[in-house]
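Here is the structure we will look at.
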Amino acid sequence: MATANGILNGLEVIEFEFAETPRSTPENPRYYKEVLKVLLSDGTVVYNCVWQNCEFTRPKASGVWPHVKAHKNQTRAPKATAEPSEIDVDGLPLAEVIERARKATWYSVQLDAALKKLDKATHEVEKWKPRATAAEKQLATIRNAFAAVA
Ligand SMILES: [Zn+2]
């Protein structure tokens, strides 16, 4: 509200109170928390935003109410960068990404090593295959020789 000096719209503020909402009844009064009903020195009534030094006025309370959101966005934005707890929350996924990247690298190295071992083993099998086949043939020849003797 712009009544620090008691002036609103260039006129002196006679009195002000919280503005009633459209649902307000004499039995059950309801008030806007952030809209003031202001009586000015020339007898006009205007509705004013409750925020300090704000001169936003409308002839109806319902016209001021949507404007109040602008102040809430203003206070929320700097908070998001200033509060350490909120920065920590932002930093958590990054730490997780790094951790996952580390694990992925480790698994990649392990996989590389395993593939190299498999490759080496495959080569050795290939190398031993002819010798095994040769040994089999020798054994068969020996068996045949014994069979011939018996
Ligand atoms: Zn305002």
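The values are calculated or read from the model by the stated rules, or taken from the named source; none is laboratory data. Note that this is a predicted model, so its numbers are computed, not measured. FYI the Cβ positions are ideal-geometry reconstructions off the backbone, even for glycines, and counts take in every protein chain you see.
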- Restricting attention to region 21-36, the residues that are out of contact with any Lys or Arg (no Cβ under 6 Å at 6 or more places or on another chain) and part of a loop (DSSP other than H, G, I, E, B) number exactly 6
- Just to be sure, is ALA77 under 23 Å from the mean Cα position of the chain (by Cα), surrounded by 10 or more Cβ atoms within 10 Å (Cβ to Cβ) and modelled with pLDDT under 85? yes
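What do you reckon, is TRP128 over 30 Å from GLU17 (Cβ atoms), surrounded by 10 or more Cβ atoms within 10 Å (Cβ to Cβ) and at pLDDT below 80? So that I can check it myself, show each step before the final result.
Details: over 30 Å from GLU17 (Cβ atoms): yes; surrounded by 10 or more Cβ atoms within 10 Å (Cβ to Cβ): yes; at pLDDT below 80: no.
Judged against the criteria, TRP128 is not a match.
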- Within region 39-60, the count of residues that are more than 16 Å from the ligand (Cβ to nearest atom), touching a residue at least 24 places away in the same chain (Cβ under 8 Å) and at positive phi comes to 0
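Here's the yes/no breakdown for (1) within 22 Å of ASN5 (Cα to Cα); (2) crowded, with 16+ Cβ neighbours inside 10 Å:
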{"residue": "PRO22", "(1), (2)": "no, no"}
{"residue": "ASP42", "(1), (2)": "yes, no"}
{"residue": "TYR47", "(1), (2)": "yes, yes"}
{"residue": "THR57", "(1), (2)": "yes, yes"}
{"residue": "GLY63", "(1), (2)": "no, no"}
- Taking region 37-74 as the region of interest, how many residues are modelled with pLDDT under 80 and assigned to a loop (DSSP other than H, G, I, E, B)? 0
